[in-house]
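Worksheet for the structure shown next.
The values are calculated or read from the model by the stated rules, or taken from the named source; none is laboratory data. From a predicted model like this one, the values you see are computed outputs, not experimental measurements. Every residue, glycine as well, gets a Cβ built from its backbone with ideal geometry; the counts of neighbours run over all protein chains shown. When the accessible area is computed, the model is the full protein with side chains, heavy atoms only, and any ligands, DNA or RNA have been set aside. Shrake-Rupley method; radii C 1.70, N 1.55, O 1.52, S 1.80 Å.
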Amino acid sequence: MNYYFIRSILLNEEAYISLVDDKNSDIKFYFLYDEGECPTEVIFQAQEGFNQTTIYETDLYSTDSSLLVFSESFYKCMGSIINNEVNLHPAKIKIKESFINCYVAKIENIQDILDRNLTVYDNEFSDNSDDEETFIDYPVFKGNINNFIYCVKNTSEQQFVIFSEKFKSLCLANNMKIRMVTVDKT
């Protein structure tokens, strides 16, 4: 079985969204590190690569904050299917003077998924203390990950979220506009 990273299908580097309240680290800590409480309102600002048409040409929005943000179409088709491993929280994207609905993913399936022997680490950024994690330069994932149907996130602070062949099949069957990139595994 292959594993995948997911990406927006839009290749325009200006087609991304930014948190309006980027200084509010509570939002990032909740969704990325499973810390704190769910923010009451999450709003993103569409950048210049988006307009009223292109915003609907993808079901996964690129962000500058490492958050996974999906379209309303994705939520309607896939939200109830993947909800054991991914919780989708309502949010909004401001584009010009209007707002569209979107959903921020909080990955609930968190495991040690890296093959530590084959993953390439960059020790240049580490002081080699026991409490500091070494920067991962090139991840290689375990070939057999248990309790993983659609999506899993690694346990380290550096964020790696991978998706399954089953997730890819569901996306294709539901005409989701998401690009899948195969990852290396043992």
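Rounded to the nearest 0.05, what FRET efficiency do GLN52 and GLU165 have when you use their Cβ-Cβ distance and R0 = 22 Å? Efficiency, from the Cβ-Cβ distance: 0.05.
What number comes out for accessible area per residue over the range 1-125 if the probe is 1.4 Å? Units Å², please.
54 Å²
Placing a pseudo-label 7 Å from each Cα along the Cα-to-Cβ vector at LEU172 and SER25 gives an inter-label distance of 4.3 nm.
Pull up the DSSP beta bridges for the range 1-100 and report the antiparallel fraction as a percent, rounded to 5.
Around 60 percent of the beta bridges assigned by DSSP in the range 1-100 are antiparallel ones.
Computed extension length for VAL181-GLU72: 37.0 nm, one decimal, from 0.36 nm per residue of separation with the Cα-Cα distance subtracted. With a threshold of 22 Å on the Cα-Cα distance, the over-threshold entries among LYS94/LYS177; LYS94/LYS168; LYS92/LYS166; LYS28/LYS92; LYS76/LYS185; LYS28/LYS168 are LYS94/LYS168; LYS92/LYS166; LYS76/LYS185; LYS28/LYS168. Once the C-beta distance of MET1 and LYS92 is scaled by a Förster radius of 30 Å, the resulting FRET efficiency is 0.25 to the nearest 0.05. As a size descriptor, the averaged projected area of the C-alpha convex hull of the range 69-128 was calculated at 7.4 nm². Under the classification rounded if a/c is under 1.5, otherwise prolate if a/b is larger than b/c and oblate if not, where does the range 1-97 fall, given a ≥ b ≥ c as square roots of the Cα gyration tensor eigenvalues? Since a/c reaches 1.5 but b/c is at least a/b, the shape of the range 1-97 is classed as oblate. Could you tell me whether the range 141-186 comes out rounded, prolate or oblate from its Cα gyration tensor? Rule is a ≥ b ≥ c as square roots of the eigenvalues, rounded for a/c under 1.5, then prolate if a/b exceeds b/c, otherwise oblate. Note, shape of the range 141-186 comes out prolate. One quarter of the convex hull surface built on the alpha carbon atoms of the chain amounts to 11.4 nm², the projected area averaged over directions.
Using a 1.4 angstrom probe on heavy atoms only, work out the carbon and sulfur share of the accessible area of the chain in %. That share works out to 44 percent. When +1 charges are put on Lys and Arg Cβ atoms and -1 charges on Asp and Glu Cβ atoms, the dipole computed for the range 1-95 relative to its Cα centre reaches about 220 debye.
Note on the chain: with charges restricted to the Cβ of Lys and Arg (+1) and Asp and Glu (-1), its dipole about the Cα centre is near 1160 debye.
For the chain, adding -39500 (n - 2.57) for each run of n ≥ 4 DSSP H residues and dividing by the number of residues yields -3500 deg cm²/dmol at 222 nm. For the range 13-57, rounded, prolate or oblate, judged on the Cα gyration tensor with a ≥ b ≥ c (square roots of eigenvalues), a/c < 1.5 rounded, else prolate if a/b > b/c? Cα axes put the range 13-57 in the prolate bin.
Which GluC sites (Glu not before Pro) from the range 1-65 combine a DSSP loop assignment with at most 12 other Cβ atoms within 10 Å? Qualifying residues, ordered by number: GLU13, GLU14, GLU35, GLU37, GLU41, GLU48.
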